[in-house]
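Notes for the one structure printed next.
The values are calculated or read from the model by the stated rules, or taken from the named source; none is laboratory data. Worth saying up front: this structure is predicted, and the values here are computed from it rather than measured. For neighbour counting, all protein chains shown are included, and Cβ atoms are generated from backbone atoms with ideal geometry for every residue, glycine included.
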Amino acid sequence: MEDLVTENLKRTYCLFAANQGARVKRPRDIDILVNDTKSRSFYKGIPDVVEEVIKKRKIEEKKLENPSYNPNTDIDSLKALLSRREEESKSSQLAIFQDKHLNLRLKTIEPVWHPQWKLMRVISGHQGWVRCITVDPTNSWFATGSNDRMIKIWDLASGQLKLSLVGHINAVRDLVASDRHSYLFSCSEDKTINCWDLEYNKIIRHYHGHLNGVYSLSIHPTLDLLFSTSRDCTCRVWDIRTKAQVMVLEGHTGTVWDVASQAPEPQIITGSADTFIKLWDLSTGRCMNTLTRHKKAIRAVKFHHEDYAFISAAADNLKLWKCPEGEFLRNFPGNGSIINDIAINEDNVLVTGGDDGVLSFWDYSSGYNFQNIQTQVQPGSLSCEAGIFATCFDRSGLRLITAECDKTIKIYKEDENSSISSHPIPPEAKVFIKPKY
């Protein structure tokens, strides 16, 4: 500690030793202002006789030149002229203020045109609500989990069932495929997390520790760490290889619905039913910040793949935040329904799926909602089963997969017939933002 203090003192001496004891130089206008203030305070009580004499002499000279000259009328005209100029200056200042500030307040972001999306395929096979989706890193298959306690693996190109995995005794709530291993992780309402080796199609590890149903999973992009959130109001960090519980992140007072992690920063983000978003420092296990702008339960949080930002979804609206401190950027107005999941592709198409069965498509850059699709339930299902639990783009971003309440999986693709002329951006689609000063 003494070495650090000594080094700090040396740096301070080197910085200020060159001009030590020198007089601080003041600008010329400040010197003039100081002298003027001193003279006014010193000669305050002495009348300015010289100015009065000069004024009288000027009036007498004008009377000699023009006998009809009246100094009172001249003063009145001068006052009128001064008042008129003052009003003009005020109006010009107001115009400058409006140009400078009000126009900035009305700064707009032009939306980017995106093609419309349409339904491509409907896949049936589960016997319960389809809760979650994950896509293989090679983009050849995707897996779904359901309330029927089954994990099913489907061929992405044909939609055919390839494999069914059984290992949970309650509803499967989330799935995540590892980018660096041939592992598939699943969590369930039975309080367990399973690690599946897809080379042998069997469970090789169990992760125990949660006291209630586990709702969400996330794998760190660069570290062998697994994050899980639960109804027990905690987020737990696991070592993938040893099954050891690295840390428990406590602080939420409601169900922790979702968790997201990123590679650039040792930071994870959790969204909870207590309407709070917490930013956690992964190196210390402490909460860095708590975001309180949402008024409803937060069901989904998602990092953007390029921007140093993340999006949170709740029933009130979507919100965009800047990393790492969680600075609020802007709102994406919602329709009041519960948003269960969000997905973003590389073309900056943001998709949300809600309990009301509405699949909403947004332009991420501007927040413009360019399309809404009302999902249709399969024959034999109730109309109230038109709900979307999960949304996921494939690795190319050209296919959108949804997990739905009517026990089906739907795949969407871009409509090749849509164009700027057939689906133009309306003029009122400009999004107004309020800049920060």
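Quick one: how many residues across the range 327-354 are part of a loop (DSSP other than H, G, I, E, B) and either over 21 Å from THR275 (Cβ atoms) or not assigned by TED's automatic domain parsing to the domain that holds MET288 (or both)?
Number satisfying all stated conditions: 4.
Of all residues in the range 321-334, count the ones that are touching a residue at least 24 places away in the same chain (Cβ under 8 Å) and surrounded by fewer than 20 Cβ atoms within 10 Å (Cβ to Cβ).
Total meeting the criteria: 7.
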Note to self: Restricting to the range 355-393, give me the number of residues that are among the aliphatic types (A, V, I, L, M), part of a loop (DSSP other than H, G, I, E, B) and crowded, with 16+ Cβ neighbours inside 10 Å.
What the structure shows: 2
Next item on the list: Test PRO67 against the stated conditions and say whether it is of a type outside the set (A, V, I, L, M, F, W, C), in a loop (DSSP other than H, G, I, E, B) and either surrounded by 10 or more Cβ atoms within 10 Å (Cβ to Cβ) or modelled with pLDDT under 60 (or both).
Entry: no
Item checked: Tally, over the range 207-237, of residues that are within 16 Å of SER188 (Cα to Cα) and either surrounded by 15 or more Cβ atoms within 10 Å (Cβ to Cβ) or in contact (Cβ under 8 Å) with a residue 24 or more places away in the chain (or both) -> 20
Notebook entry, point to check: Can you name the number of the only condition in (1) closer than 27 Å to SER360 by Cβ; (2) of a type outside the set (Lys, Arg); (3) surrounded by 14 or more Cβ atoms within 10 Å (Cβ to Cβ); (4) assigned by TED's automatic domain parsing to the domain that holds GLY357 that SER124 fails?
Noted result: (3)
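Look through PRO137, PRO111 and report the one residue that is outside the structural domain of PHE389 (by TED's automatic domain parsing), out of contact with any Leu (no Cβ under 8 Å at 6 or more places or on another chain) and over 23 Å from VAL256 (Cβ atoms). Please lay out each step first, then the result.
Numbers: PRO137 fails: outside the structural domain of PHE389 (by TED's automatic domain parsing).
The unique qualifying residue is PRO111.
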Notebook entry, point to check: When you go through LEU291, LEU198 one by one, which is the residue that is assigned by TED's automatic domain parsing to the domain that holds GLY145, over 23 Å from the mean Cα position of the chain (by Cα) and buried (at least 16 other Cβ atoms within 10 Å of the Cβ)?
Noted result: LEU198
Item checked: Tally of residues being under 27 Å from PRO266 (Cβ atoms) and in contact with a Lys or Arg (Cβ under 8 Å, 6 or more places away or on another chain) across the range 187-207 -> 6
Checklist line | For ASP155: the one exception among (1) in the same structural domain as ILE420 (by TED's automatic domain parsing); (2) under 30 Å from PRO424 (Cα atoms) | finding: (2)
Note to self: Given the condition buried (at least 19 other Cβ atoms within 10 Å of the Cβ), closer than 22 Å to ASN369 by Cβ and assigned by TED's automatic domain parsing to the domain that holds CYS235, answer yes or no: does some residue in the range 271-288 qualify?
What the structure shows: yes
Margin query: What's the number of the only condition in (1) at pLDDT 95 or above; (2) over 20 Å from VAL135 (Cβ atoms) that ARG330 fails to meet?
Written below: (1)
